[in-house]
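Participant: Sharing a structure with you now.
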Amino acid sequence: MYGLVNKAIQDMVCDRFGEKTWIQIKQQAEVNVDVFIRMEGYPDDITHRLVKAASIVLGLSPTDIMQAFGEYWVQYTSDEGYGEMMDMSGDTLPEFLENLDNLHARVGISFPQLQPPSFECSDMEENSLNLHYRSTRNGLTPMIVGLVKGLGKKFETEVDITQTQNRDQGDEHDEFLVKYKPN
Ligand code: 1MF
């Protein structure tokens, strides 16, 4: 994944727990990268090792860390140069979710190493939808819960998300029921 992702994990840990904790996590992960270059591609394994190490050092579950990271990512990318792109992608939570594939397509034009996931909305109602998540990657599903919660904050929309289909349990892809208060 692009270094931006690992840099975001680093900044989240440093913001919340300080630099010393981050150094411990990097050691625990056996990641010997001094600085993550945002626009450079890194093996996914680095990201997974950082999350696992953070869970050991912080005493939190990997799921909790991924969720927190998803939530952090929405604000982080808005602050780190992608605010306009985020703002252009919708005025409401459901609109944004429907535009996510377009957003990734736009990023992918300039950064061909992007391996964009796909998000599809179905069964759209006044206050709920089914979100279908497909990725070339494994193990990032808990992050989606955080991402949608982060979007709830961005749009000041109360949101409740539960996973209804699970690829790890043999379903074809991951699916979430997203309930929200329309605004
Ligand atoms: O392949 C990738 O490196 C990659 C990195 C991040 C693919 C997707 C993403 C974003 N995505 C991460 C979790 C899912 C990954 C997967 O299943 O394979 C989160 C998507 C998302 C969901 C809800 C709300 C907002 C979301 O993201 C908005 C977004 C998406 C991509 C970028 C920024 C905001 C982005 C921008 C530049 C990138 C990489 C990703 O690369 C750079 C960075 C700096 C300079 C040049 C290129």
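The values are calculated or read from the model by the stated rules, or taken from the named source; none is laboratory data. As the structure is a prediction and not an experimental result, all values here were calculated from the model. With ideal geometry, Cβ positions are generated from the backbone for all residues, glycine too; neighbour counts draw on all protein chains shown. For accessibility, only protein heavy atoms count, side chains too; no ligands or nucleic acids. Shrake-Rupley method; radii C 1.70, N 1.55, O 1.52, S 1.80 Å.
Participant: Between E84 and H104, how many nm apart are label points set 7 Å from Cα along the C-beta direction?
Facilitator: About 2.4 nm separates the two model spin labels.
Participant: Could you work out the local net charge near K181, counting Lys and Arg as +1, Asp and Glu as -1, over the other residues with Cβ closer than 12 Å to its Cβ?
Facilitator: After counting each charged neighbour, the total is -3.
Participant: Specify the inter-centroid distance of the stretch 1-80 and the stretch 148-183, based on alpha-carbon positions, in whole Å.
Facilitator: 23
Participant: Work out the FRET efficiency for E172 and T92 from their Cβ-Cβ distance, taking R0 = 41 Å, and round it to the nearest 0.05.
Facilitator: So, using R0 = 41 Å, E works out to roughly 0.90.
Participant: Using a probe radius of 1.4 Å on heavy atoms only, what accessible surface per residue do you get for the stretch 92-182? Whole Å² is fine.
Facilitator: That works out to 54 Å² per residue.
Participant: Taking 0.36 nm per intervening residue step and subtracting the Cα-Cα distance, what contour gain separates R16 from K181 on full extension?
Facilitator: 56.4 nm
Participant: May I have the pair-distance distribution P(r) for the chain, computed from all Cα-Cα distances with 10 Å bins from 0 and rounded to whole percent?
Facilitator: Final binned percentages: 9, 36, 37, 17, 1.
Participant: Helix 62-77 against the longest principal axis of the chain: what's the angle in degrees, Cα atoms only, rounded to the nearest 10?
Facilitator: 80
Participant: If you take every residue apart from E126 with its C-beta less than 11 Å away from the C-beta of E126, what net charge results, scoring Lys and Arg +1 and Asp and Glu -1?
Facilitator: My count for the surroundings of E126 gives +1.
Participant: Could you tell me the accessible area of E158 in Å² (1.4 Å probe, neighbours in place), rounded to the nearest ten?
Facilitator: Here the residue's solvent-accessible area equals roughly 120 Å².
Participant: Go through F111, P62, I144 and say which Cα lies farthest out towards the positive end of the charge dipole of the stretch 34-163; charges sit on Cβ, +1 for Lys and Arg, -1 for Asp and Glu.
Facilitator: Of F111, P62, I144, it is P62.
Participant: What's the local net charge at A8, with K and R +1, D and E -1, over the other residues with C-beta under 13 Å away?
Facilitator: My count for the surroundings of A8 gives -2.
Participant: Modelling each spin label as a point 7 Å along the Cα-to-Cβ direction, I'd like the T162/E30 distance in nm, to one decimal.
Facilitator: Between T162 and E30, the label points sit 4.1 nm apart.
Participant: A further question on this structure: What accessible area per residue comes out for the stretch 3-60, rounded to a whole number of Å², with a 1.4 Å probe?
Facilitator: Using a 1.4 Å probe on heavy atoms only, each residue of the stretch 3-60 averages 57 Å².
Participant: Over the alpha-carbon set of the stretch 3-60, divide Rg by the Kirkwood Rh and report the Rg/Rh ratio to two decimals.
Facilitator: 0.93
Participant: Here's a follow-up. Using the Karplus curve 6.51 cos²θ - 1.76 cosθ + 1.60 with θ = phi - 60°, work out ³J(HN,Hα) for each residue of the stretch 21-27 in order, rounded to whole Hz, and write x for Gly and Pro.
Facilitator: My calculation for the stretch 21-27 gives 5, 4, 4, 4, 5, 4, 5 Hz in order.
Participant: Still on this structure, please answer the following. Could you estimate the translational diffusion coefficient of the stretch 55-153 from the Stokes-Einstein equation, with Rh from the Kirkwood formula over C-alpha pairs, at 37 °C and 0.692 mPa s, in whole µm²/s?
Facilitator: Rounded to a whole number, D works out at 227 µm²/s.
Participant: Calculate the dipole size of the chain relative to its Cα centre from +1 charges on Lys and Arg beta carbons and -1 charges on Asp and Glu beta carbons; express the result in debye to the nearest 20.
Facilitator: With Lys and Arg at +1 and Asp and Glu at -1, about 680 debye.
Participant: Just reorder F111, F155 by solvent-accessible area, largest first, 1.4 Å probe, all chains present.
Facilitator: So the residues, ranked largest to smallest area, are F111, F155.
Participant: Continuing with the same structure: For the chain, which whole-number percentage of the solvent-accessible area (1.4 Å probe, protein heavy atoms only) is attributable to carbon and sulfur atoms?
Facilitator: Carbon plus sulfur share of accessible area: 48 percent.
Participant: Can you give the calculated 222 nm mean residue ellipticity of the chain, where each DSSP H run of n ≥ 4 adds -39,500 (n - 2.57) and the sum is split over every residue, rounded to the nearest 500 deg cm²/dmol?
Facilitator: -16500 deg cm²/dmol
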